[in-house]
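This report refers to the structure that appears directly beneath it.
The values are calculated or read from the model by the stated rules, or taken from the named source; none is laboratory data. The shown structure was predicted, so the numbers you read here are calculated from the model rather than taken from an experiment. Cβ coordinates were reconstructed from backbone atoms using ideal geometry, including for glycine residues, and neighbour counts include every protein chain displayed. Note: areas computed on protein heavy atoms with side chains; ligands, DNA, RNA excluded. Shrake-Rupley method; radii C 1.70, N 1.55, O 1.52, S 1.80 Å.
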Amino acid sequence: MEKENKIKVRDLNLWYNDKQALKDNNIDIKKNKVTAIIGPSGCGKSTFIRCLNRMNDPIEGIRITGKVFIDGKNIYDKDIDVVSLRRRLGMVFQRPNPFPMSVFDNVAYGPRIHGIRDKKKLKEIVEESLRDTTLWDEVSDRLDKSALDLSGGQMQRLCIARTIAVKPEILLFDEPCSALDPIATGKIEELIQELKKQYTIVIVTHNMQQAARVSDYTGYFLLGEMIEFGKTKELFENPKEKSTEDYITGRFG
Ligand SMILES: Nc1ncnc2c1ncn2[C@@H]1O[C@H](COP(=O)(O)OP(=O)(O)O)[C@@H](O)[C@H]1O
Ligand SMILES: [Mg+2]
């Protein structure tokens, strides 16, 4: 049975001033699956993923046309409240960016902003989020210590814990492992497999092996266009487009 589409992108175009960065993107993103976006540097991967939570909106000179439906509602409609939209999509970036505060306060940050004051409740959320990101056993004895003293991989998992502490529906990862060593990368990849049981995941990566390992579906971007999209195994083993084949076999990019 076909799984439900959580996100549907239709005829999405984006310009930075007069330079077009996304061209007629159409893509269906399935619920509780991992969708990878691959392609060479500068092809529009980050621009694309930032359109899914309207993070590009504040950029000066930007123009966006087309539609992005989440659960059937176009998030570019005028009546959308962007603040509540962003709560539904957590974002994790290339460089781990914990706040300069304790491990506990990093994870409790979002829930506190959302008005949770009860200490016991906050403790529960922090522990659950840290367990769900496989960090609990590593940090449970240093919750009051600065998050900036953790290793790079731990910091990135902490950022994921901070993101899921506010219970989003969708997780957006923009090259989450490019600043990490192979062991830390492996942990994040394992974690993504666990998290997809609860979340719909979109991951941008320029690492094709990573896309092949972690994703169910893959989209190949080139110069702002989605050249090919399909089940990851099919796209890697039997690409339909010559340009996809050239890219994944390393002849280009
Ligand atoms: N804020 C911006 N203003 C102007 N141009 C931008 C901006 N961000 C990205 N671009 C341009 O848009 C294109 C796509 O960039 P990006 O989405 O960052 O690609 P990728 O993530 O695949 O490396 C590039 O040519 C880049 O220079
Ligand atoms: Mg990028």
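Can you pull out the residues in region 208-253 that are part of a loop (DSSP other than H, G, I, E, B), free of Cβ contacts under 8 Å to residues at least 40 places away in the same chain and not acidic (D, E)?
Those that are part of a loop (DSSP other than H, G, I, E, B), free of Cβ contacts under 8 Å to residues at least 40 places away in the same chain and not acidic (D, E): N238, P239, K240, T249, G250, R251.
Can you tell me which residues in region 51-97 are under 17 Å from the mean Cα position of the chain (by Cα) and not in a loop (DSSP other than H, G, I, E, B)?
Residues satisfying the conditions are C51, V68, F69, I70, L85, R86, R87, R88, L89, G90, M91, V92.
Select, from G186, G250, the only residue that is farther than 25 Å from L135 by Cβ and either touching a helix residue (DSSP H, G or I) at 6+ places or on another chain (Cβ under 7 Å) or surrounded by fewer than 21 Cβ atoms within 10 Å (Cβ to Cβ) (or both).
Exactly one of G186, G250 is farther than 25 Å from L135 by Cβ and either touching a helix residue (DSSP H, G or I) at 6+ places or on another chain (Cβ under 7 Å) or surrounded by fewer than 21 Cβ atoms within 10 Å (Cβ to Cβ) (or both), namely G250.
Considering only residues that are open to solvent by 80 Å² or more (accessible area, probe 1.4 Å), more than 22 Å from M91 (Cα to Cα) and more than 16 Å from ligand 1 (Cβ to nearest atom), which ones fall in region 210-242?
Of everything in region 210-242, those that are open to solvent by 80 Å² or more (accessible area, probe 1.4 Å), more than 22 Å from M91 (Cα to Cα) and more than 16 Å from ligand 1 (Cβ to nearest atom) turn out to be K231, K233, E234, E237, N238, K240, E241, K242.
Starting from region 154-174, keep only residues that are under 13 Å from E189 (Cα atoms), then list their pairs with residues that are open to solvent by 10 Å² or more (accessible area, probe 1.4 Å) and of a type in the set (V, I, T) whose Cβ atoms are within a distance under 9 Å, requiring at least 6 positions of separation or different chains.
R157/T134
Take region 27-46 and flag every residue that is of a type outside the set (K, R) and under 27 Å from Q198 (Cβ atoms).
Those that are of a type outside the set (K, R) and under 27 Å from Q198 (Cβ atoms): I27, D28, I29, N32, V34, T35, A36, I37, I38, S46.
Could you tell me which numbered condition L148 fails, if it satisfies all but one of (1) among the hydrophobic types (A, V, I, L, M, F, W, C); (2) farther than 20 Å from M208 by Cα; (3) not in a helix (DSSP H, G or I)?
For L148, the failing item is (3).
Residues that are open to solvent by 30 Å² or more (accessible area, probe 1.4 Å), within 29 Å of F69 (Cα to Cα) and more than 16 Å from ligand 1 (Cβ to nearest atom): does region 136-154 have at least one?
No, that holds for no residue.
Restricted to region 20-32, and to residues that are assigned to a strand (DSSP E or B) and away from ligand 2 (no atom under 16 Å from the Cβ), which residue is most open to solvent (accessible area, probe 1.4 Å)?
D24
Among residues belonging to region 33-75 that are closer than 24 Å to K167 by Cβ and open to solvent by 40 Å² or more (accessible area, probe 1.4 Å), point out the one that is nearest to ligand 2 (Cβ to nearest atom).
R50
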